[in-house]
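Worksheet: one structure, shown below.
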Amino acid sequence: MKRGAGSGQWHPHLHMIAIGEHAPDQDAIASEWKNITGDSHVVDVRAISQEDPVSGFLEVFKYAVKFSDQPPADTWHCFETLRGKRLIGSAGCFRGVVVPEQLLDEPFDDLPFRTLFYRYLVGRGYDLQRRNLTPA
């Protein structure tokens, strides 16, 4: 929920990430959103940058902590109103993703790994040289 800067009225404010085979139809989404909300038709659909996808995810997920940008009275009102409501969810390929408690990479202790070496051969292109290495 968000309070409008001009009107001061509360309204639903949704951010999401979707993966699809085709770009979504912004006009169709705006029409459906207006049918759901009764009065809101503002929809902004953008592709996440393929060069910097992390920035797109951060842009969406930052709204989960935006309560710090509003007066404490509004934060309390939101808490009292939305307490016990499901405000976050996942579906499709994002559903059931297990997020580890520790977000650091696991060490390679005792784990074999494979280093791939490529060489360029004139007239044949790149050639993959496979070597299995174990950490010393």
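Projecting label points 7 angstrom from Cα along Cα→Cβ for GLU32 and ARG95 puts them 1.5 nm apart. Among the GluC sites (Glu not before Pro) in region 24-85, those located in a DSSP loop and surrounded by at most 11 other Cβ atoms within 10 Å of their own Cβ are GLU51.
You can think of it this way: the chain between VAL54 and HIS41 has 1.9 nm of extra reach, that is 0.36 nm per residue less the Cα-Cα gap.
Taking 0.36 nm per residue of separation and subtracting the current Cα-Cα distance, fully stretching the chain between ILE88 and ASP69 would add 4.9 nm.
Got a number for carbon plus sulfur as a percent of region 23-105's accessible area, 1.4 Å probe? Of all accessible area on region 23-105, carbon and sulfur atoms account for 58 percent.
The values are calculated or read from the model by the stated rules, or taken from the named source; none is laboratory data. None of the values given here were measured: they were computed from a predicted structure. Glycine gets a Cβ as well: all are built from the backbone with ideal geometry, and neighbour counts include every protein chain shown. Surface accessibility is based on the protein's heavy atoms, side chains included, excluding ligands, DNA and RNA. Shrake-Rupley method; radii C 1.70, N 1.55, O 1.52, S 1.80 Å.
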